[in-house]
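Notes follow once the structure below has been shown.
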Amino acid sequence: LDNDKVRVIELTVAPEGSTGLHSHGDHIVYFLTAGEAKQTTDGKTTITPRKPGEILWSGPVTHETVNGGKAETRTLIIELKSPAR
């Protein structure tokens, strides 16, 4: 889905695969599968285990995420095209 208000992306990342450096505005992430996210933002890397059904909110960010687990991961990313109020 991609319209003037929202963009929804289904992201699949292989084990040790990377999203590459990219940016999002305000967005929601819904984890469809379990995994270990190695996320690098502003040169700082954090490693976070994720559970299926977990949801998180993030404001604008530029980052790279690597799948640190042994299985493929799938997530839905819902990007809002207008800033949150």
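The values are calculated or read from the model by the stated rules, or taken from the named source; none is laboratory data. From a predicted model like this one, the values you see are computed outputs, not experimental measurements. So basically every Cβ, Gly included, is an ideal-geometry build from the backbone, and we count neighbours across all protein chains shown. Heavy atoms of the whole protein, side chains included, go into the accessibility calculation; ligands, DNA and RNA do not. Shrake-Rupley method; radii C 1.70, N 1.55, O 1.52, S 1.80 Å.
Only a single criterion out of (1) open to solvent by less than 50 Å² (accessible area, probe 1.4 Å); (2) at pLDDT 95 or above is not satisfied by His24, namely (2).
Taken over region 7-21, the criterion of being under 14 Å from Gly69 (Cβ atoms), of a type outside the set (S, T, N, Q) and surrounded by 12 or more Cβ atoms within 10 Å (Cβ to Cβ) is satisfied by Val13, Pro15, Gly17. Taking every residue in region 32-47 that is aliphatic (A, V, I, L, M) and pairing it with any residue that is open to solvent by 60 Å² or more (accessible area, probe 1.4 Å), at least 6 positions away or on another chain, the pairs with Cβ-Cβ distances below 7 Å are Leu32/Pro52; Leu32/Arg74; Ala34/Lys51; Ala34/Pro52; Ile47/Glu36; Ile47/Lys38. Of all residues in region 31-47, one or more are closer than 14 Å to Ile78 by Cβ and surrounded by 12 or more Cβ atoms within 10 Å (Cβ to Cβ).
Matching residues to (1) more than 12 Å from the chain's Cα centre (by Cα); (2) modelled with pLDDT under 95:
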{"residue": "Asp2", "(1), (2)": "yes, no"}
{"residue": "Val8", "(1), (2)": "no, no"}
{"residue": "Thr12", "(1), (2)": "no, no"}
{"residue": "Pro15", "(1), (2)": "yes, no"}
{"residue": "Lys38", "(1), (2)": "no, no"}
{"residue": "Gly43", "(1), (2)": "yes, yes"}
{"residue": "Ile47", "(1), (2)": "yes, no"}
{"residue": "Thr65", "(1), (2)": "no, no"}
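Among the residues of region 37-85, those that are acidic (Asp, Glu) and either in a strand (DSSP E or B) or on the phi > 0 side of the Ramachandran plot (or both) comprise Asp42, Glu64, Glu79.
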